[in-house]
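These notes are about the structure you will find just below.
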Amino acid sequence: QLQASGGGLVQAGGSLRPSCEASGRAFSTYYVAWFRQAPGKEREFVAVISQTGASIIYADSVKGRFTISRDNAQHTVYLQMNSLKPEDTAVYYCAAERYNRYPRSCPRSYDYWGKGTLVTVSS
């Protein structure tokens, strides 16, 4: 199971660091991704990190502003979000899969999903 937390309300230009905590012993064998969904829009890929953190992919819209990282000992993946913009407002979800599926940006590649945490960026 995955549980996302750490969202909130922040002004444009500010920072937030949502986290995604997983239960279960096999956390270190999973790819973990962040997606987001704004009202009235489709779910959008944000970033993904491989099991060891050696491979990371970002969406162009967040590249240079967001950083994904993981702590396998704590069963947690983080999303450091800096220079936030109003268009970053969305519910942020974490997702996981262990079979190296492609494309990594497609929600259907992931088997497990957390409930999401709301990020609101005011202008």
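The values are calculated or read from the model by the stated rules, or taken from the named source; none is laboratory data. Owing to the predicted nature of the structure, the values given are computational and were not obtained by experimental measurement. Here the Cβ is made from the backbone with ideal geometry for all residues, glycine too, and neighbour counts use every protein chain on show. Surface areas here come from the heavy atoms of the whole protein model, side chains and all, with no ligands, DNA or RNA. Shrake-Rupley method; radii C 1.70, N 1.55, O 1.52, S 1.80 Å.
Being at pLDDT 95 or above, out of contact with any Pro (no Cβ under 9 Å at 6 or more places or on another chain), within 16 Å of Cys20 (Cα to Cα) and open to solvent by less than 30 Å² (accessible area, probe 1.4 Å) holds for only one residue in Ala59, Ala47, and it is Ala47. The strands (runs of 3 or more DSSP E) found entirely in the stretch 26-119 that carry 2 or more residues being touching a Cys at 6+ places or on another chain (Cβ under 9 Å) are 31-37, 76-81, 90-97. Residue selection: Pro39 satisfies the criterion of being under 21 Å from Ser122 (Cα atoms), open to solvent by 60 Å² or more (accessible area, probe 1.4 Å) and not aromatic (Phe, Trp, Tyr). Against the condition without any contact (Cβ under 8 Å) to a residue 60 or more places away in the chain, touching a strand residue (DSSP E or B) at 6+ places or on another chain (Cβ under 9 Å) and under 14 Å from Val48 (Cβ atoms), how does Pro107 come out, does it pass? No.
Regarding Asp88, is this residue under 29 Å from Ala12 (Cβ atoms) and open to solvent by less than 50 Å² (accessible area, probe 1.4 Å)? It is true that Asp88 is under 29 Å from Ala12 (Cβ atoms) and open to solvent by less than 50 Å² (accessible area, probe 1.4 Å).
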